[in-house]
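Here the structure is laid out as structure tokens; the discussion comes afterwards.
The values are calculated or read from the model by the stated rules, or taken from the named source; none is laboratory data. For clarity, every value in this text was computed on a predicted model and none was experimentally measured. Every residue, glycine among them, receives a Cβ derived from its backbone with ideal geometry; neighbour counts consider all protein chains shown.
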């Protein structure tokens, strides 16, 4: 009952914020929402209503036929409500907030944001409450990777990088105005981090913390697609663009890596991809990079083929644990 009340209060506060801003309280500065205040506020209110409905157990029972969650588990219920609130407010922000208002990030901003995601993940799976450190690591899929996990992670990162570059080209070709806005916003957002330390932090912090939250904590509860949608929604710097679609596809790929291996491998892949994006591959090194990537892919195909039985068993074991709605999940 307490969780139901807490979920309802969370949805109610979200609705109240939108309603008060719509009524003229100006909770969001005009420089942020501009002329889009009404649809922005309505988006917040609609999100709150959907989240409130999901706090109702019969609705969760229907949702559990699609998502691997336990409608009777209060932790799952609250996580679902918070996930919907996060997704709805982020989508609303992407749709109605101008990219030009994004302020440059600092190292402190990146670290604070990512640590908050890590804390949320650890609290959500009950570290030192329902699980000790070893049990929490197991629940999150954090294990010592095999050699071929590392190769798979690096090879997949290269494939994701090539795919993202292709989507960037497609975005500039089909939607040049939106692409230019995204480029300008991204350059402004990460301007102060375009140095070795900044690139390292941008690679490691999201690669570790985001993977632990999304692929480690959330994916076993809400599935690959829902997790990928939530992951893509928090990347508001891309707004509603083909770049966001690219993030969604990459998130799905990371989800399958997590399902058939572990979160450590998906994290290594995420870190490697972020490093490639941050460093970029110089044209003079492109031929060598392609050759190395081809070799990694060949080794990965061989490793996956020889370990296919183990990977299938790991995926089935995860599905069985989730489908069984274990109380300690």
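Computed quantities for the displayed model
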read-out	value
Residues within the stretch 32-77 that are within 26 Å of residue 1 (Cβ to Cβ) and assigned to a helix (DSSP H, G or I), tallied	20
Check on residue 164, within 22 Å of the chain's Cα centre (by Cα), modelled with pLDDT of 90 or more and either over 15 Å from residue 239 (Cα atoms) or surrounded by fewer than 17 Cβ atoms within 10 Å (Cβ to Cβ) (or both)	yes
Residue 37 being without any contact (Cβ under 8 Å) to a residue 24 or more places away in the chain, surrounded by 14 or more Cβ atoms within 10 Å (Cβ to Cβ) and closer than 23 Å to residue 240 by Cα	yes
Residue in the stretch 202-223 that is in the same structural domain as residue 183 (by TED's automatic domain parsing), surrounded by fewer than 19 Cβ atoms within 10 Å (Cβ to Cβ) and under 19 Å from residue 109 (Cβ atoms) present	yes
Any pair with Cβ under 7 angstrom, 6 or more apart, that starts in the stretch 147-169 at a residue that is outside the structural domain of residue 273 (by TED's automatic domain parsing) and in contact (Cβ under 8 Å) with a residue 40 or more places away in the chain and ends at one that is surrounded by 16 or more Cβ atoms within 10 Å (Cβ to Cβ) and assigned to a helix (DSSP H, G or I)	none
Meets criteria (assigned by TED's automatic domain parsing to the domain that holds residue 177 and free of Cβ contacts under 8 Å to residues at least 60 places away in the same chain) for residue 123	yes
Qualifying positions in the stretch 1-31 - in a loop (DSSP other than H, G, I, E, B) and under 26 Å from residue 75 (Cα atoms)	1
